[in-house]
Amino acid sequence: MNIGIAIHGGAGTILKEDLTNDLEIKYKNSLKDALLKGREVLQKSGSAVEAVSCAVVELENNPLFNAGKGSVFNHIGKHEMDASIMSGKNLNAGAVCCLDQFKNPILVAKHVMENSEHVILTGNGAIQFAKEMKCEKADETYFFDQFRYDQWLSIKDSDQFQLDHSKTNPKKFGTVGAVALDMEGNLAAATSTGGMTNKKYGRIGDSSVIGAGNYANNNTCAVSCTGSGEFFLRQVTAYDVSCLMEMGQLDLKTATSKVIYDRIKKIGGDGGLIAIDNKGNIAMPFNTDGMYRASWSKNGTPLVAIY
């Protein structure tokens, strides 16, 4: 079986001149560490679900990325995190929205998938469920990051919100995600985010919406998206890739390219995605200046890239 895994840490206006050598090295090492965590699971005959959740936990624990510990601040200076996970074997899925207090939203989403009859839990309900599942909590100081806080202070008294991949914020901190194919031929996808700086009204992006920012189906592929969430929601981007493969008979590279370079751009969206098909082929297209990404397939060397 051609096992494989790919991860991402956000896409956007990522210019080489905006990153110091030290920061670039930190990003690449962080991406590689998360990739290798997921790869280790696969090499030990672990499931794709375990591999993607393990890789995403590693990214959630890293303040370089807008998920978990590195989540941005909403309009009242709090954190509202979204995450989802899906198994391609049985189309089982779990997601949480507007979650706070818990270190790893992806693990709460995994519990929703495995230990509830629901797909999406939000706000206080998600928090109550996470407590019942005995998920690890963290106080507000754990999630505090000075750069994120300063970022929020600059727009907090306005009606503006800020995507981490916007041109006004050249230092990228984006959604994280992982996709994998295991030795049993099963696919899985996981996505996690802290959302947008200064977001209001309990805004939910594509990351926790199955079919929009996250999707897996053993018949086709597993997909995790990053970018302008509203556009990925409207385009049902993650499922769109699978549908083009299943109904349109396109291969992974052609389907992902069509979605990112054509369909999402036509409605004004920018960003990228990572995907792996049921043969182990990997695609990581993006229509922005860069996307933090890494991948590995059987008998290959790990690829880590930004631009």
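For the reader, a short list of remarks on this structure follows.
- Spread over its residues, the convex hull of the C-alpha atoms of the range 198-307 is 109 Å³ per residue.
- Ordered by the count of other Cβ atoms within 10 Å of each Cβ, fewest first, Phe231, Phe73 give Phe231, Phe73.
- Ordered by the number of other Cβ atoms lying within 10 Å of each residue's own Cβ, fewest first, Ser295, Ser71, Ser207 fall into the sequence Ser295, Ser71, Ser207.
- If you wrap the range 4-299 in the convex hull of its Cα atoms and look at it from every side, the mean projected area works out to 14.1 nm².
- For the chain, the antiparallel share of DSSP beta bridges with both residues in that region comes to about 90%.
- Note on Tyr261/Thr301: beta-carbon distance plugged into 1/(1 + (r/R0)^6) with R0 of 35 Å gives a FRET efficiency of 0.85.
- Dividing the mean sequence gap of close Cα pairs (under 8 Å, 6+ apart) by how many residues the chain holds gives a relative contact order of 27 percent.
- The trypsin sites (Lys or Arg not before Pro) of the range 1-108 that DSSP puts in a loop, and whose beta carbon has at most 15 other beta carbons within 10 Å, are Lys44, Lys78.
Coordinate-derived values only; no laboratory data. All of these numbers come straight from a predicted model, not from anything done at the bench. Note that each Cβ is placed from the backbone with ideal geometry, even for glycine, and that neighbours are counted across all protein chains shown.
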